[in-house]
Amino acid sequence: MTEQRKNVPMTQRTDLARIGLTAELTGPLQLPNSVANNNRKQDLQEHSSQLKNHIVVVATNTHDLKETGFGSIETCRSFYEALREKYQTVTFHEISSISGLDDIVASKPDLVVLCSKYFLDVESDTKTWFSDFFSKHAIAYTGSDRDSLEFDSNKGKAKAAIQNHGIATAKFFQTCPGQFETEDKLPLLLPLFVKPIDAANGNGIDENSIVRDFESYQNKVKELFESYGADVLVEEVLPGREFTVAIFDDPENDLRSIMPVEIIAPKNEKGDRVLGCAAKLQNHELLRTITEPTLSAVSELASSVFTALGVKSFGRIDIKLDAEGKPNFLEANLVPGMTPESSYFPRACSLQNGSKSKKKMPLAMTYSEVALKIVELGLNRINTLQQVG
């Protein structure tokens, strides 16, 4: 007995003495009934205060994909952990086959959180869009439907739609290698910005994306076409400041929170500020809040784009100023990155500083609040449909 006590830390012996524990320390620690009962009561109280909705978080390994959604499996698990604070039943599913989706349907969740847009079967090279799959089975999900998500996956399609709505965006064209034989036949004057039409998170964008001569243009178009197997997007270069705008939209309660921030990327070896994949991985960009009159101009354009593309609940809109200081649409990110320390969406939400003008500005949000808001908006949509039904 004496020898066993020597192996018990002093702090634990003190705690044991305080609660009057006299049993020998040869087996698992057994608390007195009064202490155990109090612990059970506390657990029950915490459990009862949680919401009873059944939430499923759906993720897939996007490591080798050009579209990454919320991010890595670790990022998706961070999102999942944030939801467990408020909801009694939250499950995490890493999808690697269609049967995994069937299992989710069988569990009859109230809401599915889509951490990415689709599951890619590499062997058959086919995509299963999560939004289509769960719509088919009458299961509610977070974020936008397939039609709107196509604007995220195809930057050219998004820019064409925005142009048709009369919203400013940089002049552009889509091309493939050899389409234009000489510089004078290009639809736009050099310099130009060349990027993949269907990649996200800076994939395919680097120090060579701004092309200033025809040979550089040809090389970049060929590189991207061969790497991504699709037409390439070519835009005029916008020289002004760059912004990203996180938006939460709650039409059921007539609320839309618009949270813009400026992004300042470090200059590369050519002296350009380009937000490519390598730059984003280094996470050296400066994000800061903006002031009037730029604040209103950027916010209004982002809100107009959000509406024009039919985005639901949440999304991120990227914007850049032209030579005259006018905001122009760059692209939409409708399943935006959610890595806590680096992704623009949660960082933009965290940098808000409330009302500083006559307009009511959103307050800063923690990562957990961002995750919970996304689920809340999904559930609001369900409640509205049930009331209408």
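Points to keep in mind about this one:
- Each of the peptides 174-182, 125-133 was scored by the mean count of other Cβ atoms within 10 Å over its residues; in descending order, highest first, they stand as 125-133, 174-182.
- For the stretch 117-208, a crude dipole built from +1 on the beta carbon of Lys and Arg and -1 on the beta carbon of Asp and Glu, taken about the Cα centre, is about 360 debye to the nearest 20.
- ASP254 versus GLU183: modelled label distance in nm, points set 7 Å from Cα along the beta carbon direction: 5.7
- Only one residue of SER99, TYR87, ILE197 has its Cα farthest out toward the positive end of the dipole of the stretch 87-218, where Lys and Arg carry +1 and Asp and Glu -1 on Cβ, and that residue is TYR87.
- Modelled spin labels at LYS171 and VAL122, positioned 7 Å past Cα toward Cβ, are 4.3 nm from each other.
- What the Cβ-Cβ distance of LYS108 and ILE73 gives, at R0 = 22 Å and to the nearest 0.05, is a FRET efficiency of 0.35.
- Reachable aspartates and glutamates from LYS157, criterion Cα separation under 19 angstrom, eight or more residues apart if same chain: GLU67, ASP145, ASP147, ASP198, ASP231, GLU235, GLU236, ASP318, GLU331
- Sparsely packed GluC sites (Glu not before Pro) within the stretch 285-376, loop by DSSP, other Cβ within 10 Å at most 15: GLU324, GLU341
- Using Cβ point charges alone (K and R +1, D and E -1), the dipole size of the stretch 236-277 about the Cα centre works out to roughly 360 debye.
- Here the extension length gained between GLN88 and ALA138 equals 15.8 nm, from 0.36 nm per residue of separation less the Cα-Cα distance.
- Sulfur and carbon atoms: percent of accessible area, the stretch 295-378 [1.4 Å]: 54
- Estimated FRET transfer efficiency when R0 is 30 angstrom, pair ASN380-GLU341 (beta carbons, to 0.05): 0.55
- Applying a DSSP loop filter and a limit of 15 other Cβ atoms within 10 Å to the GluC sites (Glu not before Pro) in the stretch 63-134 leaves GLU85, GLU123.
- Cβ-Cβ distance of LYS267 and SER99, R₀ of 56 Å, FRET efficiency by 1/(1 + (r/R0)^6): the value works out to about 0.70.
- A 1.4 Å probe run over the stretch 111-248, with the rest of the protein chains in place, finds 44 Å² accessible per residue.
- Highest-first packing order for the peptide set 240-249, 145-154, 214-223 is 240-249, 145-154, 214-223, based on the mean count of other beta carbon atoms within 10 Å.
- Unsatisfied cross-links (Cα-Cα over 25 Å) in the set LYS86/LYS127; LYS185/LYS326; LYS195/LYS270: LYS86/LYS127; LYS185/LYS326
- Local net charge near ASN208, Cβ-Cβ under 13 Å (Lys/Arg +1, Asp/Glu -1): -2
- Modelled spin labels at ASP147 and ILE290, positioned 7 Å past Cα toward Cβ, are 3.0 nm from each other.
The values are calculated or read from the model by the stated rules, or taken from the named source; none is laboratory data. Fair warning: this is a prediction, and the values are worked out from it, not measured in the lab. Glycine also receives a Cβ, built like all others from the backbone with ideal geometry; neighbour counts cover every protein chain displayed. Accessible surface areas use protein heavy atoms only, side chains included; no ligands, DNA or RNA. Shrake-Rupley method; radii C 1.70, N 1.55, O 1.52, S 1.80 Å.
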